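Step one of this worksheet: look at the structure below.
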Amino acid sequence: MADEENKDQETIIPATQIQTQTPTISQPVAAARPMKYCQNCGAQIDQKAVICPKCGVPATGGPGAKEPKSRSTAIILTLFLGGIGIHKLYLGVGRWWLYLLFCWTFIPSIIALVELIQYAMMSDETFHAKYG
């Protein structure tokens, strides 16, 4: 009868005797994420980081970073499609749609010609400072 009672009761194992296995990670967690280097201090930071945690300087690059606009591309777009405002759309300047709206008057073409001369005479440093 005592044997039947022991069978009905579950055996309780003390917590010290339970062995848990933690999964081992073959690679560090940081290596799994894409990384980049801070341009100021050279520290390796997460690619999505906005500010370097080591030096505090805003990080550049990574996803979402804007590419610098090409001055020669802006000149070519202004030359061939400036009358409809495509150069303004490329440079990210607002109101490019006004060129498209009034293109039938040829006034945007005259304005684009003046802007073409401005882009051609502008230095690369000035162009990148103004348009990124």
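The values are calculated or read from the model by the stated rules, or taken from the named source; none is laboratory data. Computed from a prediction, not measured in an experiment: that's the story for all the values here. Here Cβ is always computed from backbone atoms with ideal geometry, including for glycine, and neighbour counts include all displayed protein chains.
Across the range 103-132, the qualifying residues are those that are part of a helix (DSSP H, G or I) and of a type in the set (G, A, S), and the one among them that is surrounded by the fewest Cβ atoms within 10 Å (Cβ to Cβ) is A129.
Taking first residues from the range 35-46 that are in contact (Cβ under 8 Å) with a residue 24 or more places away in the chain and partners that are part of a strand (DSSP E or B) and surrounded by 14 or more Cβ atoms within 10 Å (Cβ to Cβ), the Cβ contacts under 9 Å between residues at least 6 apart in sequence or on separate chains come to K36/I45; K36/D46. Within the range 81-99, the set of residues being more than 15 Å from S70 (Cα to Cα) and surrounded by 15 or more Cβ atoms within 10 Å (Cβ to Cβ) comprises L81, G82, G83, I84, G85, W96, Y99. Looking at K54, K69, which one is among the basic types (K, R), modelled with pLDDT of 90 or more and not in a helix (DSSP H, G or I)? One residue alone meets the criteria, K69.
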